[in-house]
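Visitor: There's a structure below that I have some questions on.
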Amino acid sequence: GHLIASVVAVAIDHLSNPEFGSLIPQWVATPLAPATAIGLMTLTGLTHPPACACAVIFMMGEPEIKNMGWYFILMPVLTDCVLLIIIAVIINNLSKDRHYPLYW
């Protein structure tokens with residue numbers, strides 16, 4: 001979900017960026033990114049509404065965030081997703097009664 005939302009946000013930002021032709025206005029692009037992300041997550045069966053925060057943070061972010069461009073997907077989004085999975089695996093496997101993930 002987070003990866004989908006961040007890819008959508010960066011792609012839509014490029015469509016609204018004056019450097020790349022500004023195909024859509026910024027006032028349309030800002031709400032379009034999380035809406036499109038939710039739609040794509042629903043189509044893929046990976047609906048996670050909090051993941052749309054990635055799209056909102058990027059679209060409404062300061063220049064330091066927007067200047068990251070496609071690197072925003074790698075760091076912080078992908079890095080945070082990997083860390084969350086590692087922590088979930090460790091914590092959920094501390095007990096012998098719980099096993100995470102159930103299958104790979």
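The values are calculated or read from the model by the stated rules, or taken from the named source; none is laboratory data. What you see is a predicted model; the values in this text were computed from it and never measured. Ideal geometry is used to build each Cβ from the backbone, glycine not excepted, and the neighbour counts take in all protein chains shown. Heads up: the accessible areas ignore ligands, DNA and RNA and are worked out on the full protein's heavy atoms, side chains in. Shrake-Rupley method; radii C 1.70, N 1.55, O 1.52, S 1.80 Å.
Visitor: Could you sort the peptides 34-46, 90-102 by per-residue average Cβ neighbour count (10 Å cutoff), highest mean leading?
Guide: Descending packing order for the listed peptides: 34-46, 90-102.
Visitor: A follow-up question, please. Of the accessible area of the chain, with the probe set at 1.4 angstrom, what percent is carbon plus sulfur?
Guide: Result for the chain: 73 percent of the exposed heavy-atom area is carbon or sulfur.
Visitor: Right, something else. What angle do you read, to the nearest 10 degrees and between 0 and 90, between the alpha-carbon axis of helix 26-44 and the longest principal axis of the chain?
Guide: 30
Visitor: I'd like the per residue volume of the convex hull spanned by the Cα atoms of the chain, given in cubic angstrom.
Guide: Convex hull of Cα atoms, per residue: 107 Å³.
Visitor: Here's a follow-up. What whole-number value in Å² describes the accessible area per residue of segment 29-104 for a 1.4 Å probe?
Guide: Value for segment 29-104: 72 Å² per residue.
Visitor: Relative to the longest principal axis of the chain, what angle (0 to 90°, nearest 10) does the C-alpha long axis of helix 2-16 take?
Guide: The helix 2-16 is inclined about 10 degrees to the chain.
Visitor: Continuing with this model, one more query. So what J values fall out for segment 47-52 if you push phi through Karplus, 6.51 cos²θ - 1.76 cosθ + 1.60 with θ = phi - 60°, rounded to Hz, Gly and Pro as x?
Guide: 5, 8, x, x, 5, 5
Visitor: Under 8 Å for C-alpha pairs, at least 6 residues apart: give me the relative contact order for the chain, rounded to a whole percent.
Guide: Value for the chain: 30 percent.
Visitor: How tilted is helix 79-92 with respect to the longest principal axis of the chain? Cα atoms for both, answer in degrees (0 to 90, nearest 10).
Guide: Helix 79-92 sits at roughly 20 degrees to that axis.
Visitor: Starting from the Kirkwood radius over alpha-carbon pairs of segment 26-68, derive D by Stokes-Einstein at 20 °C in a medium of 1.002 mPa s and give it in µm² s⁻¹.
Guide: This corresponds to a translational diffusion coefficient of 199 µm²/s.
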